[in-house]
Amino acid sequence: MLSYHTSPLAQPGVGDSGGMNVYVRELVAALAHAGVECTTYTREWRSGLPREIHVEPNHTVVHVPAGAFDLRKEELEGVVPQFTDFVLDDLRRRPADVVHANYWLSGIAGHSIKHEVGIPLVSTFHTLARVKAEGGDPEPERRERIEASIIGCADAICVSCDEEEDQFRRLYGDPPGAMEIVAPGVEHAFFTPGDRRGARQALGMGDGPVLLFVGRIQPLKGVDVAVRALAALGRPDASLYVVGGSSGADGDAYVDSVHELVNQFGLRDRVHFVPPQAHHILSSYYRAADAVWVPSRSESFGLVALEAAACGIPVVANAVGGLLSLVDHDRTGFLVADRDPELFARHTRELLDNSDRARAMGTAAAELGRRYTWSFAAARLRRLYTDVTSRSLVNCS
Ligand code: UDP
């Protein structure tokens, strides 16, 4: 498993760590439990990390020396060859049957490894340049070209849902390899419905309505929309909790602009910024909320929406990407067009003003959440690995 630019052991919800870290960590854990021997290679990103960590039976994380610790994301592509050479060397003593690359940067390494070693390449992109561009977040043209070359050689591509597959085929064409829907899961041991009052007490929250945003704070995620929605809600007793930290090159400037917006609306007492929380602790935040807001410009899947649903909390989300399959409009939450803060507010009022409706939606959301498990995702992946190792490799186009 290649997770070049960010480690599955890193704290999600800040910097470059988010859904992909959770996906790699949980999926590999489920594969390992099922008896698949997995090695995850990730770039050594700070000093003092052991070369290898045996996370659990069948799962080892290897920290690969490649470039300075504090490289910016834009500089990471330059040291992919160093990373690749290390992995190739390591594979001599620890041979692999399949290389599974996460994100386009790992895809570059995976593509070389496929050719050098002659094993199938499975690729999960998590985000794609053309999808981000459609959402208003353009990426360098170079990334698109590289993605196309990885797609042209991948023996299988994993997408998380129908919407991502449609988007993929529309923007990148039909790939020569297989395309498999491997829906991520949610850890039901943590993310289950629970007692709202208890969660609020534990977190020191009051009795008024609680709205929640969880994730990396960057323009794509739309915390500004959440602040505007709180202003539009017209409920002076309501609070917004924003759990996560700054992410990306423009993250810090964006955090400043969000604080400014909070001040402009006079909401300083009602918007609470909470630093990134350990993944399992988030379940208390979800349970404490009346609704979880996901105003992302694009989202290949949207784990936060799934975790909230699994906790029985209605989700109000922008109607894009994977969120379309994670929110059943009017049943488990609401889908909003164009990230309109007024609509976020209006739908949230529908929940706050009608507790029976909110409860029914929460029950339906929890039901939806139960459909997604990491063990099911791992089972699909195992089948896919078996398929690609028993077929001839896709010829690089
Ligand atoms: N997350 C976390 N702690 C935080 C904030 C976020 O563990 O303080 C996790 C969250 O539970 C989710 C992931 O980070 O699993 C974010 O994934 P999502 O797919 O919503 O967004 P992405 O980061 O992939 O854009």
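Structure above, values below:
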read-out	value
Positions within the range 229-253 being open to solvent by 70 Å² or more (accessible area, probe 1.4 Å), outside any helix (DSSP H, G or I) and under 11 Å from I217 (Cβ atoms), in sequence order	D250
Complete set of residues in the range 164-186 that are more than 14 Å from the chain's Cα centre (by Cα) and under 18 Å from W374 (Cβ atoms)	E180, I181
Odd one out for D328, checked against (1) under 16 Å from the mean Cα position of the chain (by Cα); (2) under 26 Å from V182 (Cβ atoms); (3) surrounded by fewer than 23 Cβ atoms within 10 Å (Cβ to Cβ)	(1)
Which numbered condition M361 fails, given (1) more than 16 Å from the ligand (Cβ to nearest atom); (2) farther than 21 Å from Y285 by Cα	(2)
Number of the exception - Y241 against (1) within 13 Å of the ligand (Cβ to nearest atom); (2) closer than 30 Å to N102 by Cα	(2)
Counted residues, the range 72-82 - those being open to solvent by less than 50 Å² (accessible area, probe 1.4 Å) and either over 22 Å from the mean Cα position of the chain (by Cα) or of a type in the set (V, I, T) (or both)	2
Where a residue in the range 195-215 is more than 16 Å from the ligand (Cβ to nearest atom) and its partner, wherever it lies, is open to solvent by 50 Å² or more (accessible area, probe 1.4 Å), with Cβ under 6 Å and at least six apart	G208/D237; P209/R235
Selection from the range 137-164 of residues that are open to solvent by less than 30 Å² (accessible area, probe 1.4 Å) and within 16 Å of the ligand (Cβ to nearest atom)	D137, C158, V159, S160, C161, E164
Every residue from the range 266-289 that is hydrophobic (A, V, I, L, M, F, W, C) and either open to solvent by 70 Å² or more (accessible area, probe 1.4 Å) or within 12 Å of the ligand (Cβ to nearest atom) (or both)	F273, V274, A278, I281, L282
Count of residues meeting criterion [open to solvent by 10 Å² or more (accessible area, probe 1.4 Å) and either under 25 Å from I281 (Cβ atoms) or within 16 Å of the ligand (Cβ to nearest atom) (or both)] in the range 254-265	3
Residue satisfying all of: in the range 83-128; of a type in the set (V, I, T) and open to solvent by less than 20 Å² (accessible area, probe 1.4 Å); nearest to the chain's Cα centre (by Cα) among these	T124
Scan of the range 341-372 for residues that are open to solvent by 40 Å² or more (accessible area, probe 1.4 Å), outside any helix (DSSP H, G or I) and either farther than 19 Å from A288 by Cα or in contact with a Leu (Cβ under 7 Å, 6 or more places away or on another chain) (or both), ordered by number	R371
Filtered residues of the range 165-188 (kept if buried (at least 19 other Cβ atoms within 10 Å of the Cβ), in contact with a strand residue (DSSP E or B) (Cβ under 8 Å, 6 or more places away or on another chain) and in a helix (DSSP H, G or I))	F168
Selected residue [among the aliphatic types (A, V, I, L, M), within 16 Å of the ligand (Cβ to nearest atom) and open to solvent by less than 50 Å² (accessible area, probe 1.4 Å)] from V315, V394	V315
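The values are calculated or read from the model by the stated rules, or taken from the named source; none is laboratory data. All of these numbers come straight from a predicted model, not from anything done at the bench. So basically every Cβ, Gly included, is an ideal-geometry build from the backbone, and we count neighbours across all protein chains shown. What goes into the accessible areas is simple: the full protein's heavy atoms, side chains included, and nothing from ligands, DNA or RNA. Shrake-Rupley method; radii C 1.70, N 1.55, O 1.52, S 1.80 Å.
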